[in-house]
Each structure stands twice: as C-alpha cells, then as structure tokens.
Amino acid sequence: MRTEQKNRNAVNTQKVSFFYGPKRAIEDISAEMPERQVTAIIGPSGCGKSTFLKALNRISETSGSSVRVEGKIFLFGEDIYAKDVDVTILRKRVGMVFQRPNPFPMTIFDNIAYGPRLFGAKGKADLEVIVERALRQSALWDEVKDRLRSSALGLSGGQQQRMCIARSLAVEPEVLLMDEPCSALDPIATLKIEELILELRKNLTVIIVTHNLQQAGRVSDYTLFFTTDESRIGNLVESGPTREIFSSPKDKRTEDYITGRFG
Amino acid sequence: MSEAVKYVPISKEDLSYKSVRETFLEGLLSGLSWLLVAFIVAFLGIIVVRGFPTVSANGFEFLYTSPAKGLDEGGVGPAIFGTVALVLLMTLFALPIGVLTSVYLVEYAGGRQSSRIIRAAVNNLAGVPSIVFGLFGVAFFVLFLGRGLDGLLGYSTSDPLFGKPAILWAAATMALLVLPIVIVNTEEALLAVPVSLRQGSQALGGTQWQTISRVVLPQAVPGILTGSILSISRGAGEVAPILFTGAAFLLQDLPTTQVFGVVPFIDPTKQFMELGYHIFILATQSSDVEKTRPAQYAATLVLLVITFSLNFAAIILRAQFRKRAIR
Ligand SMILES: Nc1ncnc2c1ncn2[C@@H]1O[C@H](COP(=O)(O)OP(=O)(O)O)[C@@H](O)[C@H]1O
Ligand SMILES: [Mg+2]
C-alpha cells in the first residue's frame, strides 16, 4: 500500500490556532501532511478548513484585516512564521489554487508567465519552455496551444481553473494548496481536475479542501477531519490514511459526518 | 369561497382618483425634466447663436489672434493657449499625487487610522469653496513657497523669479482643487479590482508593489483616466483659483520660453491669460461692456467646447473600456 512508504512530512503543524481580530477561528491543530501525497481536509462548512489552509502559505495576511497565528507551522522542517522568512519565497514554494478560478485579465501566456516573471525570468524562449511545460502538466496544452496569445477570460470555467493550476505550477512549487477547486465547476470539469491531482502527486504535495466526500475518497491519501461545536471554534477531530478514516473512523463525530448524519 | 372574486378591469376605463393622481404625478415629473432640458438647450443655443459668428469670422481668426485695442477687438488665442497650458501643468501635478495617494489609501493603509485621517482631509478639501483655494494659493504657493525659493536661489523680492503670480502656482492651486475628485475616482477604480486577482498574484509570490503595478493598476487605468479627465474639465472652467495666483488681465506674450534657444516650452514662472478669467474681464473690466458682448459670447462658446470635448472624451473612453471589459 502506498501509504505504507515512510514519507517525510511536507507540512506539519503544532497546536495551531488562528485569530481573526480577537475571534479564534481554529484551535490547537496539530497535523501532518506527507510529502508527495494528497491530503484532503474535510468537515462541515465554517469549521475553519479555509482558515487553516490559508495559514499554510500566509496568504491570510494579505487581506488587510488583522489576523494572528499561534502555534507552529513547518514546511519541510522550517518554521514558516519565523522572523526571517520571506513570504514571497514561501508562497513560491507553497502555491495556491482558489475556490473560483481567478485568471488575470491577460493572455493565457502572460497568465502562466506571470509567476516566473516575478522571479526574474525573461527571454521569450525560456518563458515559452516554462509555459508549455506548465500547460502540459495541467493537461491543458492541447486545448490552448493555438490560442496562447488570446485572453484567458475566454476559456471555460474548467479550463480557467486548470490554467490557474498551470499558473501555480509554473513557479515550481513544492506544495500546492487547493481550496475547494471544483466547487464552481461542472462534473466533467471536476473529473479532469481530479485526474490532474492524481497526476500531480507524483511530483508534489497536494493539500485540498473539499466538501465533497466522494472527491476526498477518490483523490486523497490522507484525510484531516475538522469540525466545530457550539463554541464555533474549529478543531481537528481525526486524521490518518483516507481509507482508514472512511472505513473505520475512530471518532463518533467522524463517523456521523462520513455516513451523512451530520453537516 | 362564498362570494365570487371581484372582477378588476385591467383597462383604464375608470378614472378613479388613484389613476388620475398617478397620471398627474407622472406628467409633472416628466414636465419638470423636459423643462430642464429645454432650459439647457436654450442656454446653449443662445451662446452658440450669439457666439459662433464672432468665432468663425475671417477664417476663425478669433481662435488664434491676440486681443487688440484694449480688449475691444481681436481674439482669444493667448487665452486658449494659457488654458491648455494650465490644464496640462495641473494634470502633471494632480494625476501622480492623486493616484499615489489613492494607491496608498486603498492598498496600504486599508482600514487603518491613517487612512481615515487622510480620507477625512480629502473630503473636507472637496468641500472648500474655490475662492478659498485662490487665497490659499497666494499665501502658500506664491508668498511662502515662491518667496522661499527666491530666498534660497538669491533672487530679491523686487525682481523675483518664483515669488510672484505665475502659471506654475496657478496650476498647483488648481491641482489642489481637483485632487479630491481624482482621489475619489481613483479609489473607486482601485476598489473595483477584485480581491481574488490581488490574492492570485500574491499567492504566486508577488510582493505588494508587484501586485499593484502588474495587476491592480492596469485593471484600474480606464477608471482612473475617465475620472481624471472629468476632474480636469471641472478645473478647466474654474476662475477663482487662478485669480490671484497667475492669471493675467492682458498679455501680449505667451507663457513660453525657448529651451536651448529653439524648442518652445511652457515657462512655469510666467503669467498667462485664461479663458474663464478672460470672459470675466471682458464682462466687467472692458471700457465698453456692450461693445465686447459678441466677444464674451464667443469666448464662452470656446470655453464650453473645450470642457465639453473633455467630458465627451471621458464618456467615449469609458464606453470603449466597458466594451472591452465584457467577456
Ligand atoms: N476574514 C474573516 N474575518 C473574520 N472571520 C472569518 C473570516 N474568514 C472566516 N472567518 C470565520 O472563521 C470561521 C471559519 O471559516 P472558514 O475557514 O472559511 O471555514 P470553512 O472553509 O471550513 O467553511 C467561520 O466562523 C468564519 O465566519
Ligand atoms: Mg472554505
């Protein structure tokens, strides 16, 4: 079994709490997300899945409101909230795909080349290589290779989302965070993204939030189950290989959720 | 159900009180609106009818000749030049400062205390009567800044370089006047750029400035441009701010200088004639006000054409960008 291989952790967290202003959204989350595996984060809405995910690349800090993290988050053993961390490098290493596709209003080529250019990639030839590789990786190359110079806004929703994945891949991240990447897509587009995720795990670590249990079952190796109670503070109930979580959950709340008696 | 449902005719046969009232109100409102339109048409019509013959006489020489015989004859050439030069200089001041201030307010200061203070200041600036700007311009720009500069550069107060009314100070004063409008418009344009795009850029490792310069500003440019043109055209018609800061009664020379002895260039230290001010002078200061009446209409027509074309350009630009924005 795959999960038997001893993988080191790409990301692990120790007693992480997250605050929006004075309000605590998640509490004491200690979790491990192994390298080159897909970790799914599941749980009822409002339990802090997105909050947790956005703490992993510190993108929550960009919203302008005051947020705070307690506890520790490590990327391959490095504390990502340490004083000397350059968040731009962190975010280059930990890419993110959002709930709704967010293509820039530019050409497909410029969208994909955006990240590499931020880090100094110039030269048409170099960029062409990067763009082609990223688009092939996200299985979009054949569909768009003849229209690289046309606006990305002309793509369908599913294509836009795969282009956003390609855009993230172009800066060669080690970890890819995905926050319900299929929630705005139709079933066929969803299927394509799922196939893509299974392909991506050969090269990088994927952490995906999903409210779709079947999807978690199909694509993930590990699962983190979050929930929340009357306190409205999210916490981690159970984690482990997806198969175990789905077949023999240890916690009653997990079982209720998996069997659809909850949320 | 014991009684049959009451039959309500949908045709307007019965003139009930209610329907009469509705008709009356609608008539009143549309009447008022059309009255306004009629007023504007009449107002513009009079100006065109009375002004155009003078403007177009002798191959439109009114547009490029200088005033002659006091103010009684001649055209508005220098005033048109001065107006355009003023607007250009003002834009040069107002646009960068306004855009940078808005970028700071929206992108950096966010909900912070400093942004609230700056915004309050900007809003108050917008409410200040324009004559106050004129007085402030003299006190601050001409006397304080200008004389200060002269002191530094070794010019005496009897033969000042900067410490006197000049197109530079008039443009600076005008820039202050339109700054709030530029800022408000730019802020709106920036806020209209979706958060998801900013986050998309930052999630790829973009710094805040990279995100602003590569994603946010390009998206906001149409809004910033149209807003700015509108505020500029507002400024182009104002007289009060330039009254004491640089506009001249009558000048034979244009506010220009020769760079390297050949290239004509706006000389920021010179005074200038301006259309709005010129109209005011024609109407109040000429030896015979009746005699200059045709020139007054003509100058007014020219000023209106300039401001309207600016507004029109803004409208076209906006429509153009809207069309392009539709996916
Ligand atoms: N920007 C924010 N400011 C304040 N509270 C927030 C913000 N984002 C999320 N929350 C709160 O944090 C909790 C967790 O939200 P979220 O992480 O979005 O949950 P999930 O993704 O599991 O649905 C919710 O109670 C939500 O109201
Ligand atoms: Mg969420």
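The values are calculated or read from the model by the stated rules, or taken from the named source; none is laboratory data. Quick caveat, the model's predicted, so the values are computed rather than measured. Cβ: placed from backbone, ideal geometry, glycine included. Neighbour counts: every protein chain shown. Surface areas here come from the heavy atoms of the whole protein model, side chains and all, with no ligands, DNA or RNA. Shrake-Rupley method; radii C 1.70, N 1.55, O 1.52, S 1.80 Å.
Please work out which one of (1) within 9 Å of another protein chain (Cβ to nearest Cβ); (2) out of contact with any strand residue (DSSP E or B) (no Cβ under 8 Å at 6 or more places or on another chain) is the condition A:Cys164 fails and give its number.
The single condition A:Cys164 does not satisfy is (2).
Tell me which residues, restricted to segment A:19-64, are of a type in the set (S, T, N, Q), outside any strand (DSSP E or B) and farther than 18 Å from B:Gln199 by Cα.
Matches in segment A:19-64: A:Gln37, A:Ser45.
Based on what the data block shows, is A:Gly120 within 14 Å of chain B (Cβ to nearest Cβ), out of contact with any Cys (no Cβ under 9 Å at 6 or more places or on another chain) and surrounded by 21 or more Cβ atoms within 10 Å (Cβ to Cβ)?
Answer is no for this residue.
Out of (1) in a helix (DSSP H, G or I); (2) touching a residue at least 40 places away in the same chain (Cβ under 8 Å), what's the single condition that is false for A:Arg133?
Just one mismatch for A:Arg133, condition (2).
Quick one: in segment A:99-117, which of the residues that are within 7 Å of chain B (Cβ to nearest Cβ) and part of a helix (DSSP H, G or I) is surrounded by the most Cβ atoms within 10 Å (Cβ to Cβ)?
Only one residue fits best here, namely A:Gly115.
Scan segment A:79-90 and give yes if some residue there is open to solvent by 40 Å² or more (accessible area, probe 1.4 Å), within 13 Å of chain B (Cβ to nearest Cβ) and under 25 Å from B:Val216 (Cα atoms), otherwise no.
yes
Could you list, in sequence order, all residues of segment B:212-226 that are within 12 Å of another protein chain (Cβ to nearest Cβ), of a type outside the set (Lys, Arg) and open to solvent by 40 Å² or more (accessible area, probe 1.4 Å)?
Across segment B:212-226, the qualifying residues are B:Ser213, B:Pro218, B:Gln219, B:Val221.
On the given criteria, is A:Met96 assigned to a strand (DSSP E or B) and more than 16 Å from ligand 1 (Cβ to nearest atom)?
For A:Met96, the condition - assigned to a strand (DSSP E or B) and more than 16 Å from ligand 1 (Cβ to nearest atom) - is not met.
State whether the residues of segment A:1-18 include one that is within 11 Å of ligand 1 (Cβ to nearest atom) and open to solvent by 40 Å² or more (accessible area, probe 1.4 Å).
Looking for residues that are within 11 Å of ligand 1 (Cβ to nearest atom) and open to solvent by 40 Å² or more (accessible area, probe 1.4 Å), one finds none in segment A:1-18, hence no.
Listed residues A:Ser220, A:Ser231, A:Ser248; which is away from ligand 1 (no atom under 15 Å from the Cβ) and open to solvent by 30 Å² or more (accessible area, probe 1.4 Å)?
Only one candidate passes the filter, namely A:Ser248.
Restricting the search to segment A:41-72, which residues are buried (at least 23 other Cβ atoms within 10 Å of the Cβ) and more than 13 Å from ligand 1 (Cβ to nearest atom)?
A:Asn57, the sole residue that qualifies.
Let me spell it out: the conditions are (1) within 16 Å of ligand 2 (Cβ to nearest atom); (2) over 14 Å from the mean Cα position of the chain (by Cα); (3) basic (Lys, Arg), and A:Lys54 meets all of them except one. Which number is the exception?
Looking at each condition in turn, A:Lys54 falls short on (2).
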